[in-house]
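*Asks:* Take a look at this one; I'll ask things after.
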Amino acid sequence: MFKSVVAMPLPETALLQRYVDSGDYTDCFATQIPADSSLPEYVQAFYTTPLFKAERFILHWLASLPSTDDGARQLALAERDAFAAWTVEARSDDQLLMIDVRRRTGSWFMHESTGPGSRLYFGSVVFRQNKTPAGREMRSTFRLLLGIHRFYSRALLSSARSRLVHAQG
């Protein structure tokens, strides 16, 4: 369904890499667009797709965490460090790592110029919450929903890709 989006290992330079060694769940998806873009364009496109606007509506309605397209633009341009349920944990010229206010999940974005085009990366971290003698375990609920999470991540990246490709004409 999302042929343009592929699962792949995290790049070694990924800001999300810090959670691989801690044993938390991480994933990474990537896609290519034909024209060059930038990290701010990508982040703004991601958070303003119709698909993510549905998530924003739910967050506003269920958790009183409102957000706007202008807020997404400000986040993308590094004019603010919080958006809806997330705050910036780390930022560089080509990456953004956001962690949710309850510190259960995070979202990672990376932009890479590839000549006449760009590669866009999107990944997640789900922090292991249940402590056991063997360490921390992922909540059983998330393990059950992992397939849906991966599908939704691919759909979000595909939507951002479509938005950027359409904007580039």
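*Asks:* Give the residue, chosen from S118, S92, that is surrounded by fewer than 19 Cβ atoms within 10 Å (Cβ to Cβ), touching a helix residue (DSSP H, G or I) at 6+ places or on another chain (Cβ under 8 Å) and polar (S, T, N, Q). First the steps, then the outcome.
*Replies:* Details: S118 fails: surrounded by fewer than 19 Cβ atoms within 10 Å (Cβ to Cβ).
None of the others qualify; the one that does is S92.
*Asks:* Only residues in the range 20-31 that are farther than 15 Å from R150 by Cα count as the first member; pair them with residues that are of a type in the set (F, W, Y) and open to solvent by less than 20 Å² (accessible area, probe 1.4 Å), Cβ under 9 angstrom, at least 6 apart or cross-chain, and list the lot.
*Replies:* What qualifies is S22/F127; D24/F127.
*Asks:* Right, something else. Return the residues of the range 12-61 that are in a loop (DSSP other than H, G, I, E, B) and surrounded by 14 or more Cβ atoms within 10 Å (Cβ to Cβ); say none if nothing qualifies.
*Replies:* Residues satisfying the conditions are A14, V20, D24, D36, S37, S38, T48, T49.
*Asks:* If you don't mind, another one. Looking at the range 101-125 only, could you name the residues that are at pLDDT below 90 and more than 18 Å from A63 (Cβ to Cβ)?
*Replies:* G115, P116
*Asks:* Still on this structure: Are any of the residues in the range 110-117 within 14 Å of the chain's Cα centre (by Cα), part of a strand (DSSP E or B) and closer than 25 Å to T13 by Cβ?
*Replies:* There is at least one residue in the range 110-117 that is within 14 Å of the chain's Cα centre (by Cα), part of a strand (DSSP E or B) and closer than 25 Å to T13 by Cβ.
The values are calculated or read from the model by the stated rules, or taken from the named source; none is laboratory data. Please read these numbers as outputs of a predicted model, since none were measured by experiment. Backbone-built Cβ (ideal geometry, glycine too); neighbour counts: all protein chains shown. Please note that ligands, DNA and RNA were not included when accessible areas were found on the heavy atoms of the full protein model with its side chains. Shrake-Rupley method; radii C 1.70, N 1.55, O 1.52, S 1.80 Å.
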